[in-house]
Amino acid sequence: MKEKPIFVEKQYLGLNRNWLLTRLVLAIFCFIIYSIEENRDRNADLLLVVGVSILVISSLLTFIIHYKTSIYDKSLVLDGFWTTSRVKIDFGSIKTVEKTPYSNFLMNNPVYNLHKKGTIRFYTRGKYAIKLTDNDGLIYVIGSQHPDEIVRLIAERIRL
């Protein structure tokens, strides 16, 4: 019988605020240039097609899950989309857990299982992240929309 998760959070790729805003600005730019163009030839029609395509792709991205965070009794599982590998972190190997701001940068790219400078990062959107340190000194930084709840659940599991 399969174990049921205690907590599940899904991060959608199209809901990253910075890239959503960038796509919308590009689409609006295409529509403005299309409407300003006096003699609408094939080049102007191309701007209309590009603007509509950007809006359609942007709306489809809001339904694509970047990664799913699941908390079970003894582990935390990060499951990405399509060909990404599943990452399982056992609570027995976790030394500390804390809530931290994700980054000071204005625009952060969505990442999944990015190994950089001794940390492994998982991020789609939001200001805060969960910072897990394991017994080997490896640091996991996991972006979340519900960091307080995840920190509380993991801290309860570590103390058991």
Return the residues of segment 96-117 that are in a strand (DSSP E or B) and without any contact (Cβ under 8 Å) to a residue 60 or more places away in the chain; say none if nothing qualifies.
Thr96, Glu98, Lys99, Thr100, Pro101, Val111, Tyr112, Asn113, Leu114, His115, Lys116
Among (1) loosely packed, with under 14 Cβ neighbours inside 10 Å; (2) of a type in the set (Val, Ile, Thr); (3) modelled with pLDDT under 90, Ile28 falls short only on (3)
Of all residues being among the aliphatic types (A, V, I, L, M) and touching a strand residue (DSSP E or B) at 6+ places or on another chain (Cβ under 8 Å) in segment 50-85, which is nearest to Glu149 (Cα to Cα)? Just the residue, please.
Ile71
State yes or no: is Leu138 modelled with pLDDT under 90 and not assigned by TED's automatic domain parsing to the domain that holds Phe29?
no
Selection from segment 121-131 of residues at pLDDT 85 or above and surrounded by fewer than 20 Cβ atoms within 10 Å (Cβ to Cβ) yields Lys127, Tyr128, Lys131
For segment 36-88, which residues satisfy the criterion of being of a type in the set (A, V, I, L, M, F, W, C) and in a loop (DSSP other than H, G, I, E, B)?
Phe63, Ile64, Phe81, Trp82
Starting from segment 61-82, keep only residues that are more than 15 Å from Arg152 (Cα to Cα), then list their pairs with residues that are of a type in the set (Asp, Glu) whose Cβ atoms are within a distance under 8 Å, requiring at least 6 positions of separation or different chains.
Tyr67/Asp79; Lys68/Glu9; Lys68/Asp79
State all residues of segment 132-160 that are among the hydroxyl-bearing types (Ser, Thr, Tyr) and crowded, with 17+ Cβ neighbours inside 10 Å; if no residue qualifies, say none.
Tyr140, Ser144
Candidate set: segment 86-108, residues that are at pLDDT below 85 and either surrounded by 13 or more Cβ atoms within 10 Å (Cβ to Cβ) or among the small types (Gly, Ala, Ser) (or both); chosen: the one nearest to Phe63 (Cα to Cα):
Asn108
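The values are calculated or read from the model by the stated rules, or taken from the named source; none is laboratory data. The model shown is predicted, which means the values in this text are computed figures rather than measured ones. Because the Cβ atoms are built from the backbone with ideal geometry, glycine has one as well, and the counts that use them run over all protein chains shown.
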